[in-house]
1. If only one of 197, 225 is more than 20 Å from residue 127 (Cα to Cα) and modelled with pLDDT of 95 or more, which one is it?
2. Taking segment 136-179, which residues are over 18 Å from residue 32 (Cα atoms), free of Cβ contacts under 8 Å to residues at least 12 places away in the same chain and among the aliphatic types (A, V, I, L, M)?
3. Go through the residues of segment 177-186 one by one and say whether even a single one is open to solvent by less than 40 Å² (accessible area, probe 1.4 Å), among the aromatic types (Phe, Trp, Tyr) and either within 17 Å of the chain's Cα centre (by Cα) or modelled with pLDDT under 95 (or both).
4. Looking at 116, 106, which one is modelled with pLDDT under 95 and surrounded by fewer than 20 Cβ atoms within 10 Å (Cβ to Cβ)?
5. Output the residues belonging to segment 75-102 that are among the polar types (S, T, N, Q), open to solvent by 60 Å² or more (accessible area, probe 1.4 Å) and farther than 21 Å from residue 138 by Cα.
6. Just to be sure, is residue 22 in a strand (DSSP E or B) and not assigned by the TED database to the domain that holds residue 141?
7. Let me confirm something: among 189, 253, 271, 237, which residue is free of Cβ contacts under 8 Å to residues at least 24 places away in the same chain and closer than 29 Å to residue 86 by Cα?
Amino acid sequence: MPAPALSFVTQRNGQAATAADLAPLALAGYAHFTAMQVRSGQVRGLDLHRARLRAASLEMFGQALPDAVILNALRTAIQAGPADVSLVATVYSPAGEFTVADRHTPLDVLVRTGPPSSGPAGPLSLAVVEHERMLPSVKHVGEVAKTYLLRQAAAQGFDDAAFMDRHGRMSEASIWNLAFWDGRAVVWPDAAMLTGTTMGIVQRQLEKMGVPQRVQTITRDTLPTLAGAAVMNSWTPGVAVNRIGDTAMPEAPPFMALLHAAYLAEEPVLP
């Protein structure tokens, strides 16, 4: 008989999640996660994903699951599904939210897989909205503002929203990091934001490639001086941006090629 077809999974602590496991999470909003693309059972930037989950757990719960537990949960889910998937690993406390949790209450990890994605083709137009995320360095759940602002931007004829803080500094977009190009160097915004794993991969590979990079305050007034813009997340290392607010951004094929080349230079690994 042929082997049964592999399917996408939702697992809690390495076991198939039941309705009883998931019910308390359905309306919960106190957890953090990381998202990744798995190809041929392998992941790029696995060390960055592990570091993200560890740091976020310490920030939110005062404790973190051992790396071995996280890796086992990822490995179990990947092995149970197709070779190419999108994967989200969420860490939470069974104590839920709106409570003072005991630091000795063990954390749980929920892993779910779904169809692989490479993101939109672009180019994208971004509305500029003033918004600052709570705990900007943590990839946490329950962020109603992201979806709300995305839909508000779409209603105005944009594809998505880019965030500007109270000081007028560009930071990030709804589910994206922002990157800019001055014709020679990659420019990263100087503001409080989530440092994405794809961003981390691109930054360290650009450094190995000898490509200049710098962190700079980016405002509306800065945008016309730049030679290109892109967004990136776990789906893709770069989607071109052709408009931010009222500013048209130049096409920059060499910039886009550079971002993708840097990402592909990262060797994928098995969890």
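The values are calculated or read from the model by the stated rules, or taken from the named source; none is laboratory data. On a predicted model such as this, the values are computed, not experimentally measured, just so you know. Cβ: placed from backbone, ideal geometry, glycine included. Neighbour counts: every protein chain shown. For the accessible areas, the whole protein counts, side chains as well, though only heavy atoms, and no ligand, DNA or RNA atoms are used. Shrake-Rupley method; radii C 1.70, N 1.55, O 1.52, S 1.80 Å.
1. On the way: 225 fails: more than 20 Å from residue 127 (Cα to Cα).
Exactly one of 197, 225 is more than 20 Å from residue 127 (Cα to Cα) and modelled with pLDDT of 95 or more, namely 197.
2. Residues satisfying the conditions are 154, 155.
3. Here is the first cut: in segment 177-186, the ones open to solvent by less than 40 Å² (accessible area, probe 1.4 Å) are 177-181, 185-186.
Restricting the remaining residues to those that are among the aromatic types (Phe, Trp, Tyr) gives 180-181.
Filter once more, so that each one left must be either within 17 Å of the chain's Cα centre (by Cα) or modelled with pLDDT under 95 (or both): none.
Within segment 177-186, none of the residues are open to solvent by less than 40 Å² (accessible area, probe 1.4 Å), among the aromatic types (Phe, Trp, Tyr) and either within 17 Å of the chain's Cα centre (by Cα) or modelled with pLDDT under 95 (or both).
4. Working: 116 fails: modelled with pLDDT under 95.
Step by step, each of 116, 106 is checked, and only 106 is modelled with pLDDT under 95 and surrounded by fewer than 20 Cβ atoms within 10 Å (Cβ to Cβ).
5. We begin by selecting, within segment 75-102, every residue among the polar types (S, T, N, Q); these are 76, 79, 86, 90, 93, 99.
From what is left, the residues that are open to solvent by 60 Å² or more (accessible area, probe 1.4 Å) are 79, 99.
If the condition is that a residue be among the polar types (S, T, N, Q), open to solvent by 60 Å² or more (accessible area, probe 1.4 Å) and farther than 21 Å from residue 138 by Cα, then 79 is the only one that fits.
6. On the way: in a strand (DSSP E or B): no; not assigned by the TED database to the domain that holds residue 141: yes.
When the stated conditions are applied, residue 22 does not pass them.
7. Details: 189 fails: free of Cβ contacts under 8 Å to residues at least 24 places away in the same chain; 271 fails: free of Cβ contacts under 8 Å to residues at least 24 places away in the same chain; 237 fails: free of Cβ contacts under 8 Å to residues at least 24 places away in the same chain.
Only one candidate qualifies: 253.
Let's see how each residue does on (1) assigned by the TED database to the domain that holds residue 41; (2) of a type outside the set (Ser, Thr, Tyr); (3) in contact with a Leu (Cβ under 9 Å, 6 or more places away or on another chain):
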| position | (1), (2), (3) |
| --- | --- |
| 105 | yes, no, no |
| 119 | no, yes, no |
| 134 | no, yes, no |
| 139 | no, yes, yes |
| 144 | no, yes, no |
| 156 | no, yes, no |
| 163 | no, yes, yes |
| 170 | no, yes, yes |
| 179 | no, yes, yes |
